[in-house]
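For reference, the structure discussed in these notes is given below.
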Amino acid sequence: MGLLDRVRGRRSGGVGLFVDGPNVLRSEFDVDLDDLRAIAAEDGRVSTARLYLDEHATPGLIQAGEAHGFAVVTTSGDVDVKLAVDATRAVAEGRIDTLVVASRDTDFKPVLEVAAERGCRTIAIAPGEYGRSDALASTAHESYTLDE
C-alpha cells in the first residue's frame, strides 16, 4: 500500500482468515477447511489464510492445512497469542478489509473489537453449536456456526 493510500485510510483489500486449529479442528466438530475458506470468500478475495497449530500437531494435519491452501503456523507457545498478534498486525497494517476468525475461544473478542474500530468488517466462525462463543458471535459484524 502506497503512502497516499495510507494517508487516505484505504486498505489494500482482501479477507484475512485466521483459524485457531486446536479449538476448531477437533473430532467432535468435523470441520472442513474448505468450508472455512468458502465462508471467508463470500466477503471477497482471501488474501491471507492461516492455520495456527501447536507443537503437537501431526505431520498429516500440517500437510492437510497446506493442501487446502493455508499457511500453517506452528508454535511452541500459546497458539491464541500468536494468532491474536498476527491478526491484529494485519488489521493495523491495513493488509485486510475483512477479518475472519474461526474459533470457539472468547479470547479473540478484543481482536474483533480492535479490527472493527479500525474499520475492518469482522466475521466469527464457530466450529459447531457446542463450540460457539456467544461473545465472539455478538462482537463480530457477522457470525456463522458450521453445524447450522
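Where a number appears in this text, it was derived from the coordinates with a stated rule and is not lab data. Owing to the predicted nature of the structure, the values given are computational and were not obtained by experimental measurement. Note that we place each Cβ from the backbone using ideal geometry, even for glycine, and neighbour counts take in every protein chain shown.
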Check your understanding: Residues of the range 79-119 with amide nitrogen under 13 Å from the 7 Å Cα-to-Cβ point of Arg26?
Key -> 103-106
Review point. With each run of n ≥ 4 DSSP H residues scored as -39500 (n - 2.57), what mean residue ellipticity at 222 nm is computed for the chain after dividing by its residue count and rounding to the nearest 500 deg cm²/dmol?
Key: -10500 deg cm²/dmol
Review point. Mean separation of Cα pairs under 8 Å and 6+ residues apart, divided by the residue count of the range 7-148: what relative contact order is that in percent?
Key: 26 percent
Practice item. Sort the following peptides by mean Cβ neighbour count (other Cβ atoms within 10 Å, averaged over residues), highest first: 87-98, 52-63. Key: 87-98, 52-63
Exercise for review: Could you calculate the FRET efficiency of Arg89 with Asp54 from 1/(1 + (r/R0)^6), where r is the beta carbon distance between them and R0 is 22 Å, rounded to 0.05?
Suggested key: 0.65
Review point. Per residue Cα convex hull volume for the chain, in cubic angstrom?
Key: 101 Å³
Practice item. Given the peptides 41-47, 80-86, arrange them by the average over their residues of other C-beta atoms within 10 Å, most packed first. Key: 80-86, 41-47
